[in-house]
Amino acid sequence: MRIAVLFGGSGEERDVSIASAAPVVRALRGLGHDVLAVDTASGALDAAEEARVLTGAVGVAPPDTAALARLAGAGRALRLPADVAGVDLVFLALHGGSGENGELQALLELAGIRYTGSGPLGSGLAMDKELTKRVLLQAGVRTPAWHLDPLEPAAAAAELGLPVVVKPNAQGSTVGLTVVRHQAELQAALERAAVFGPVLLERFVPGRELTVGVLGDRALAVGEIVLDPDAAFSYSEKYQPGAVQETFPADLPAEIAAEAQDAALTAHRALRLSGYSRTDFRLDRDGVLWTIEVNSLPGLTATSLLPQSAAAVGIGYDDLCRRICDLALR
């Protein structure tokens with residue numbers, strides 16, 4: 001097949017997207033496909049540009065806003081690249097922004113082009129953390145209490161208790177996220193998150209950080225990100241090899257692992273996701289599982305959690321990419 005791998009863009013998760021695209025391109029070519037690497041901010045890459053751009057590395061912090069603004073100024077961020085015309089399939093290696101919130105998916109639908117991952121509705125729901133929480137509760141999935149853009153944030157934080165998580169309502173990779181432990185830190189955290197739009201305040205759940213991938217109608221292995229129970233999984237820890245210990249499968253009682261897998265499948269279906277997803281949890285000190293958020297286009301970097309979740313059940317990286325393509329073609 002001729003497959004266009006879309007990545008990059010002009011959002012804060014640009015570097016993560018590039019790092020996802022690099023092994024995807026290699027895997028699809030290894031499977032015998034004719035692969036076109038397309039940066040949605042600049043267009044198709046030639047061989048020299050691929051060698052320069054697709055390094056697979058992610059910096060310790062998101063790209064600076066000035067560089068992203070220059071890319072966005074090209075006016076291509078929300079336009080379907082002409083390079084995808086005539087391909088058999090678009091493989092979405094995008095994260096965040098218009099690449100994950102359903103806008104690009106809607107354009108691909110209108111153009112009649114098949115693509116990997118979820119459709120416009122599911123993508124939009126999963127990107128909006130507050131809507132995700134409402135859908136999860138309706139589906140019987142436990143999620144921490146929250147407030148969206150409260151008129152009196154200090155009162156909201158007092159109601160939720162400290163520590164409290166302050167984060168953008170529609171960002172991934174923990175961009176703009178702060179765990180506020182003291183009231184004096186709240187205003188700065190709100191301002192940091194508000195740069196990216198509406199702000200969500202969420203009760204912080206101390207405990208273990210768990211994650212479960214979903215592929216098709218199957219929940220993959222439960223993994224654990226080994227952190228201080230009072231810490232959050234940061235951007236730099238997610239993408240720097242060896243920054244934290246990640247264990248697949250997690251050392252958990254069988255009933256807790258099964259509950260996490262069931263919750264991940266329920267979230268995937270309730271949010272109308274398709275193809276694949278990843279759901280993140282906190283397991284509190286009383287053994288209660290809390291669903292934090294659901295990712296409709298989880299990372300596929302060398303250190304990403306979904307490939308590790310798949311590998312733990314015998315699905316290697318190339319096979320994972322093949323299965324993602326097969327699900328899209330169905």
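The values are calculated or read from the model by the stated rules, or taken from the named source; none is laboratory data. Only a predicted model underlies this, so the values are computations on that prediction, with no experimental measurement involved. Cβ placement follows ideal geometry from the backbone for every residue including glycine, while neighbour counts extend to all protein chains displayed. The area values use the complete protein model at the heavy-atom level, side chains included, leaving out ligands, DNA and RNA. Shrake-Rupley method; radii C 1.70, N 1.55, O 1.52, S 1.80 Å.
Would you confirm whether or not the range 76-89 contains a residue that is more than 17 Å from Ala4 (Cα to Cα), buried (at least 18 other Cβ atoms within 10 Å of the Cβ), modelled with pLDDT under 65 and among the hydrophobic types (A, V, I, L, M, F, W, C)?
No, there is no match, as no residue in the range 76-89 is more than 17 Å from Ala4 (Cα to Cα), buried (at least 18 other Cβ atoms within 10 Å of the Cβ), modelled with pLDDT under 65 and among the hydrophobic types (A, V, I, L, M, F, W, C).
Quick check: anything in the range 295-303 under 18 Å from Pro249 (Cβ atoms) and open to solvent by 10 Å² or more (accessible area, probe 1.4 Å)?
yes
Can you pull out the residues in the range 1-55 that are among the hydroxyl-bearing types (Ser, Thr, Tyr) and part of a helix (DSSP H, G or I)?
Those that are among the hydroxyl-bearing types (Ser, Thr, Tyr) and part of a helix (DSSP H, G or I): Ser17, Ser20.
Against the condition open to solvent by less than 10 Å² (accessible area, probe 1.4 Å) and in contact with a strand residue (DSSP E or B) (Cβ under 7 Å, 6 or more places away or on another chain), how does Val179 come out, does it pass?
no
Scan the range 249-273 residue by residue and report those that are free of Cβ contacts under 8 Å to residues at least 60 places away in the same chain and of a type in the set (S, T, N, Q).
Gln261
Tally up the residues in the range 258-281 that are in a loop (DSSP other than H, G, I, E, B) and open to solvent by 10 Å² or more (accessible area, probe 1.4 Å), please.
4
How many residues does the range 308-330 hold that are open to solvent by less than 20 Å² (accessible area, probe 1.4 Å) and touching a helix residue (DSSP H, G or I) at 6+ places or on another chain (Cβ under 6 Å)?
Counting residues in the range 308-330 that are open to solvent by less than 20 Å² (accessible area, probe 1.4 Å) and touching a helix residue (DSSP H, G or I) at 6+ places or on another chain (Cβ under 6 Å) gives 3.
In the range 193-203, is there at least one residue being open to solvent by 50 Å² or more (accessible area, probe 1.4 Å), of a type outside the set (Val, Ile, Thr), under 24 Å from Asp15 (Cα atoms) and modelled with pLDDT under 90?
So far as the range 193-203 goes, yes, one or more of its residues are open to solvent by 50 Å² or more (accessible area, probe 1.4 Å), of a type outside the set (Val, Ile, Thr), under 24 Å from Asp15 (Cα atoms) and modelled with pLDDT under 90.
Which condition from (1) at pLDDT 95 or above; (2) crowded, with 21+ Cβ neighbours inside 10 Å; (3) out of contact with any strand residue (DSSP E or B) (no Cβ under 7 Å at 6 or more places or on another chain); (4) not β-branched (Val, Ile, Thr) is the one that Arg218 breaks?
Tallying (1) at pLDDT 95 or above; (2) crowded, with 21+ Cβ neighbours inside 10 Å; (3) out of contact with any strand residue (DSSP E or B) (no Cβ under 7 Å at 6 or more places or on another chain); (4) not β-branched (Val, Ile, Thr), Arg218 fails exactly one: (2).
Looking at Thr174, Thr211, Thr143, which is the one that is modelled with pLDDT of 95 or more, in a loop (DSSP other than H, G, I, E, B), closer than 21 Å to Asn295 by Cα and of a type in the set (Ser, Thr, Tyr)? Can you show your working first?
Numbers: Thr174 fails: modelled with pLDDT of 95 or more; Thr211 fails: in a loop (DSSP other than H, G, I, E, B).
None of the other options fit; the residue is Thr143.
Of all residues in the range 30-43, count the ones that are of a type outside the set (Asp, Glu), within 21 Å of Leu297 (Cα to Cα) and at pLDDT 90 or above.
The qualifying residues number 4.
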